[in-house]
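S.K.: Below is the structure I would like to discuss, written out as structure tokens.
The values are calculated or read from the model by the stated rules, or taken from the named source; none is laboratory data. It should be emphasised that the depicted structure is a prediction, and the values quoted were computed from it without experimental measurement. Cβ sites come from the backbone with ideal geometry, for glycine too, and all protein chains shown count toward neighbours.
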Amino acid sequence: MSRFKDNSSKGTPAISTASLPDIIFMLLFFFMVTTVMREVDLLVKVTLPEATETTKLEDKALVDYIYIGPPQSKALGTEPLMQLNDQFAKIEEIDAWVKAGEERREEVLKPKITRSLKVDKETAMKIVTDVKQELRKSNALKINYSTAQGR
Amino acid sequence: MLKKRKREGVQEINAGSMADIAFLLLIFFLVTTTMDTDAGILRLLPPVVEDEVIMDVNKRDVYEVLVNDADMLLVEGQMMDIKELRAGAKEFMTNPANSVDLPEKRRVTAAECQQKIGEFKSYVASAANAEAKDGFQKSLDKWEDKLTAVKLLGEFSELPPNAVISLQTGSKTSYDMYVKVQNELEAGIRELREELSKEKFGRKFSELDDKNEEDQPLIKAVRLVYPQRVSEAEPVDVTKKKP
């Protein structure tokens, strides 16, 4: 009986914080490994539409991005513009961009390249349709309508 | 003084600030991390055809979905709410009541597959040139796929090869609406596949693993019965079309 009493009377010892740096380091390494630094600075505002039936893009190395949306800087107006790599581009420049993207990869991987369209949800379909037509002409047929996970 | 210090040995570095440094780095990475794994609706565009072939497509084989500039839906000539589109697409794919307005489904039987495989095998063997041989080989592969599907699923009814969901938008249709429509059509097809997979294999379609060799034929069979047929074809100005 007395044993129990003895224990409680001593009070709780202070929790050792010696392992705190280790825990933090562990978190740090996790984030360091998972981090993908953003490759391009977005010049257009993109709020992705929501969808439920999405497929994850497996291999990030085989995805090229096309951004379409209203420009970030107000001086350029509100009409949606297209951004390839890190600059604005005209529709006609898609062909060269597709070719450049193919050049960077090995021959066997060329048909596996996906072009992911990151389009602002307020955008009118016209520019999207034009881009799609241009992609067809350049024989870049695998596309992805990038969406946010809905609901 | 100096002598005294030496005797004490090298002073230990205080590790108390280690946690702070690590915290600082941690916060930096936390802020810069973009955890977005890109996800979306995958589509395959049709290649450009040099000479536009005007195909004679039966009207019942096309499920026409039009979206106008005000984001309103016109499906098969009828105004429709987006919520009903999923059910509509499913009805088009299955044609449960054998309606004459929806595609005519055709039974695929093992006997027919075997007969066709035999036929095409002899064609491939006696093909005059490489081009013809390729064509016959493709048909042969198609029938062989059908045979495996029949073996796995039992006799099934197949959608005619030119049955298609045709999606057309106006030039001012919002992208949001477009994605919503695509999403609903995709959802309809997915639900059908899930149902079939549950019924025949007792497993969810989404749980079938396309890297697992045992699952690959199952996936192929289910896809054969309910193919992904959303056409990304030539844009047509909807506004010029009379409803």
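S.K.: Quick one: how many residues across segment B:1-50 are closer than 30 Å to A:Gln133 by Cβ, at pLDDT below 75 and either within 7 Å of another protein chain (Cβ to nearest Cβ) or part of a helix (DSSP H, G or I) (or both)?
M.R.: Count: 1.
S.K.: How many residues are of a type in the set (Phe, Trp, Tyr) and under 30 Å from B:Leu167 (Cβ atoms) when one looks only at segment B:88-142?
M.R.: 1
S.K.: So, one more: For B:Ala127, all conditions in the list (1) more than 22 Å from B:Ser231 (Cβ to Cβ); (2) of a type in the set (Gly, Ala, Ser); (3) modelled with pLDDT of 80 or more hold save one; what is the number of the exception?
M.R.: Just one mismatch for B:Ala127, condition (3).
S.K.: Could you give every pair whose Cβ atoms fall below 8 Å, whose first residue belongs to segment B:73-102 and is in contact (Cβ under 8 Å) with a residue 24 or more places away in the chain, and whose second residue is in a helix (DSSP H, G or I) and among the basic types (Lys, Arg), counting only separations of at least 6 or pairs across chains?
M.R.: What qualifies is B:Ile82/B:Lys180; B:Val100/B:Arg60; B:Asp101/B:Arg60; B:Leu102/B:Arg60.
S.K.: Let me ask you something else. I'd like to know if segment A:18-40 contains one or more residues that are under 20 Å from the mean Cα position of the chain (by Cα), more than 11 Å from every other protein chain (Cβ to nearest Cβ), of a type outside the set (Val, Ile, Thr) and not in a helix (DSSP H, G or I).
M.R.: Of the residues in segment A:18-40, the ones under 20 Å from the mean Cα position of the chain (by Cα) are A:30-40.
From the residues that got through so far, the ones that are more than 11 Å from every other protein chain (Cβ to nearest Cβ) too are A:40.
Applying the additional criterion that residues be of a type outside the set (Val, Ile, Thr) yields none.
Looking for residues that are under 20 Å from the mean Cα position of the chain (by Cα), more than 11 Å from every other protein chain (Cβ to nearest Cβ), of a type outside the set (Val, Ile, Thr) and not in a helix (DSSP H, G or I), one finds none in segment A:18-40, hence no.
S.K.: List the strands (runs of 3 or more DSSP E) inside segment A:65-151, counting only whole elements, that have at least 2 residues being crowded, with 19+ Cβ neighbours inside 10 Å.
M.R.: A:81-84, A:114-119, A:142-146
S.K.: Just the residues that are outside any helix (DSSP H, G or I) and either of a type in the set (D, E, K, R) or within 11 Å of chain A (Cβ to nearest Cβ) (or both), please, taken from segment B:182-227.
M.R.: Hits for segment B:182-227 are B:Arg203, B:Lys204, B:Asp209, B:Asp210, B:Lys211, B:Glu213, B:Glu214, B:Asp215.
S.K.: I'd like the full set of residues that are among the basic types (Lys, Arg), touching a residue at least 24 places away in the same chain (Cβ under 8 Å), more than 15 Å from B:Ser171 (Cα to Cα) and within 7 Å of chain B (Cβ to nearest Cβ), limited to segment A:100-151. Even if it seems obvious, please write down each step before you answer.
M.R.: Taking segment A:100-151 first, the residues among the basic types (Lys, Arg) are A:104-105, A:110, A:112, A:115, A:118, A:121, A:126, A:132, A:136-137, A:142, A:151.
This time we only want the ones that are touching a residue at least 24 places away in the same chain (Cβ under 8 Å), so: A:105, A:112, A:115, A:118, A:121, A:137, A:142, A:151.
Now narrow it down to the ones that are more than 15 Å from B:Ser171 (Cα to Cα): A:105, A:112, A:115, A:118, A:137, A:142, A:151.
Correct list: A:Lys137, A:Lys142.
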